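Working notes, beginning with the structure itself.
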Amino acid sequence: MARDRFLILHGWGGSDYPHWQSWLAGELAKDYGIVAFPLIYHPHHPNKKKWIAQFRKWLGECQPTTVICHSLACTVWMALCEEGIDEVERLLLVAPPSRSTKIELLKQFFPHQLPESLYAREATLVVSTNDPYLSMEEAKEYRDHFGCEMVVLQSAGHINAESGYGQWPWVLEWAKRDSGVVS
């Protein structure tokens, strides 16, 4: 069986330890999984044009079968989809921010339109009932627009290290499911 190639893309501020994305990258690599978990420059002061260019670079170099985005990376993924990209097998969008966020530093990314396609054969959206950056109503709009599966976590905040998501067994099981990475 061919192995999946994972591309893990962080959001604003990065996802270094103890964030679940850094934990996931390590867990997938332990089983000789093919994992790219790049630091997108500059994580604390993102620039939309530069982030889009860096995402494109990593998509080209890694040629992932599975892409896992957190927060602002979900927004950048949607911007790439507006331009058109190569389809991936699986896409996980975790805690995307509201399309009308008011955070001054991030205004260049918003508002944005929802693309017609996520360029993934399978897409899963993971949201929290109390994410400070996304209401459940807008999460349902994402789900309905994309026709994707939506996993709702109860009171998980922004689904990051601050809300207790370091080791996250569910995301590891999701990533390894149907992949060539051994458990």
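Quick rundown of the values:
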read-out: Charge dipole of the chain about the Cα centre (unit charges at C-beta), most positive-ward option of Ser135, Trp168, Thr101; value: Thr101
read-out: Gyration tensor verdict on region 90-167 (Cα atoms; rounded if a/c is under 1.5, prolate if a/b is larger than b/c, oblate otherwise); value: oblate
read-out: Cleavage-rule hits (trypsin sites (Lys or Arg not before Pro)) in region 42-104: DSSP loop, at most 13 neighbouring Cβ within 10 angstrom; value: Lys102
read-out: Shape metrics for region 9-176, restricted to C-alpha atoms - Rg then Dmax, Å; value: 14.6, 41
read-out: Amide H partners (placed H, <5 Å) of Val35, local residues excluded; value: Phe6
read-out: Gyration tensor verdict on region 129-183 (Cα atoms; rounded if a/c is under 1.5, prolate if a/b is larger than b/c, oblate otherwise); value: oblate
read-out: Restricting region 31-125 to GluC sites (Glu not before Pro) in coil, as DSSP defines it, with at most 16 other Cβ within 10 Å; value: Glu87, Glu116
read-out: Cross-link partners of Lys48 among aspartates and glutamates (Cα-Cα below 19 Å; sequence separation of 8 or more within a chain); value: Glu82, Glu83, Glu104
read-out: Extension gain, Lys49 back to Arg177 (0.36 nm per residue minus Cα-Cα distance, nm); value: 42.7 nm
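Values in this text are rule-based calculations from the coordinates and carry no lab data. Computed from a predicted model, the values in this text were never measured in an experiment. Cβ coordinates were reconstructed from backbone atoms using ideal geometry, including for glycine residues, and neighbour counts include every protein chain displayed.
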